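Inspection log for the structure reproduced underneath, given as structure tokens.
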Amino acid sequence: PGSGKWFSMKVVDSTHSVENVFPRVAVDKNGRPSLCVAFGTLLYVTLTSHRWVTQPIDPGSGTLSYHCSIALGPDGAPHLGWYHEFLPGGKQYTHFRHADLEDGVWVVRSVDGGISGKWNSMVIDSKGFPHASYSQWASGGDLKYAEWDGTNWSISTVDSSNNASTYRGF
């Protein structure tokens with residue numbers, strides 16, 4: 001900080017293909033970066049004391065790919081959203097999932113099914129609740145919006161197309 005120089009360091013050492021990897025970053029109020037990376041598995045990566053700490057999220061749950069999203073709550077608690085593509089046996093699953101860190105434990109919930117969440121974005125409100133926008137392919141590429149009230153996800157369609165070649169959700 002303040003040196004006017006750029007530095008680089010490897011954040012994630014992956015033996016996986018980098019195809020369909022779209023990392024996202026969020027910065028806390030102290031300027032500390034956190035990332036989510038989905039390349040078969042979902043990783044939460046944060047910088048602590050000049051080193052990167054990596055945590056797998058929902059390990060063994062199957063193949064996670066395309067976009068993940070990350071947002072930090074008012075208290076700094078991380079929230080992650082991702083596209084869960086396949087179950088461990090290879091069966092297609094295609095759900096939009098969410099995880100947050102509650103009392104030191106990652107709590108994972110499905111937000112929506114139906115080939116949803118391949119492209120997603122998330123913010124956290126002043127109460128610490130996530131709000132997400134995402135695509136849903138099963139309904140022709142609808143743009144959806146979900147908000148968590150602490151108990152349930154409330155989902156609505158923001159924009160829809162009756163034309164299968166016109167996708168709204170990405």
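The values are calculated or read from the model by the stated rules, or taken from the named source; none is laboratory data. Predicted model, so just to flag it, every value in this text is computed and none were measured. Here the Cβ is made from the backbone with ideal geometry for all residues, glycine too, and neighbour counts use every protein chain on show. Side chains included, ligands, DNA and RNA excluded: accessible areas come from the protein's heavy atoms. Shrake-Rupley method; radii C 1.70, N 1.55, O 1.52, S 1.80 Å.
A few remarks follow.
- Surface per residue (accessible, 1.4 Å probe) for the chain, Å²: 56 Å²
- Fluctuation leader among 105, 11, 25 - the chain, Gaussian network, Cα springs under 10 angstrom: 105
- Of 85, 147, the residue with the largest accessible area leads and the full order is 147, 85 (1.4 Å probe).
- Only one item in (1) -0.74, -1.04, -1.11; (2) -0.68, -1.14, -1.24; (3) -0.55, -1.05, -1.15 matches log10 I(q)/I(0) by the Debye sum over Cα atoms at q = 0.12, 0.17, 0.18 Å⁻¹ derived from the coordinates shown, and that item is (3).
- Cβ-Cβ FRET estimate between residue 29 and residue 7, R0 fixed at 30 Å, reported to 0.05: 0.85
- Between residue 125 and 131, the built amide H atoms are under 5 Å apart, and every one of these is 5 or more places off in sequence or on another chain.
- The accessible area of residue 22, taken with all protein chains in place and a 1.4 Å probe, comes to roughly 70 Å².
- The stretch between residue 161 and residue 86, if pulled fully straight at 0.36 nm per residue, gains 24.4 nm over its current Cα-Cα span.
- Where labels lie 7 Å past Cα in the beta-carbon direction, separation of residue 52 and residue 22 in nm: 2.0 nm
- Protein heavy-atom surface of the chain, 1.4 angstrom probe: 52% of the accessible area is carbon and sulfur, with nucleic acids and ligands not counted.
- In this structure the amide hydrogen of residue 28, modeled in the peptide plane, comes within under 5 Å of the amide hydrogens of 34, none closer than 5 places in sequence on its chain.
- Karplus-derived 3J(HN,Hα), 6.51/-1.76/1.60, for each residue of the stretch 35-47, Hz, glycine and proline x: 10, 10, 9, 10, 9, x, 10, 9, 10, 9, 10, 9, 8
- Amide H contacts of residue 141 (H built 1.01 Å from N, under 5 Å, at least 5 apart or other chain): 136
- Whichever lysines have a C-alpha closer than 27 Å to that of residue 127, once near sequence neighbours (fewer than 8 apart) are set aside: 29, 118, 144
- Percentage relative contact order, the chain, counting C-alpha pairs under 8 Å, at least six apart: 13 percent
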